[in-house]
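Heads up, the thing below is written out as structure tokens.
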Amino acid sequence: MPTPNAATRPDTPADLPEPLSEPSIEELRLEVVMGALGDPLRMGIVHKLLVDAEDFDHACGWFGLDRPKSSLTHHFRTLRDAGLIRQRQYGLERRSHVRVADLNARFPGLLALVADWAPQPE
């Protein structure tokens, strides 16, 4: 079973902005997390962050999604509100990464399933 790349990244950079509001690890609820992952676009975002991430945080443009900005804002906020991703504001840009340690502690094995997931062709 592959280990998500995000789990093996170097330590968090020291000069990061504070994260946007998110649930604490104790507030993470499986039904909310699964609801957020139930949308194939959001599952794809988390999958890409786990499997393809090279930097600590990634901007929305890195994902290459052909969707209106308002739609992407909704999907990223849903992931953040569910506790799947952490977002930070860098000037006008929000960057994201998966909350690997928190999710592995709260729901062991969940991120490995997401990393192993492959989208179905349309």
Could you give the radius of gyration (one decimal) and Dmax (whole number) of the Cα atoms in the range 23-116, in Å? 12.4, 35
For Gln87, enumerate residues with amide H under 5 Å from its amide H, sequence gap 5+ or separate chain, H modeled in the peptide plane. Leu20
Name all residues of the range 63-97 having a backbone nitrogen under 13 Å from the label point set 7 Å from the Cα of Trp117 along its Cα→Cβ direction, giving them as ranges. 79, 84-85
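All of the numbers you see were taken from the coordinates with simple rules; none came from a lab. Treat the numbers as computed from the prediction; the structure is a model and nothing was measured. Cβ: placed from backbone, ideal geometry, glycine included. Neighbour counts: every protein chain shown.
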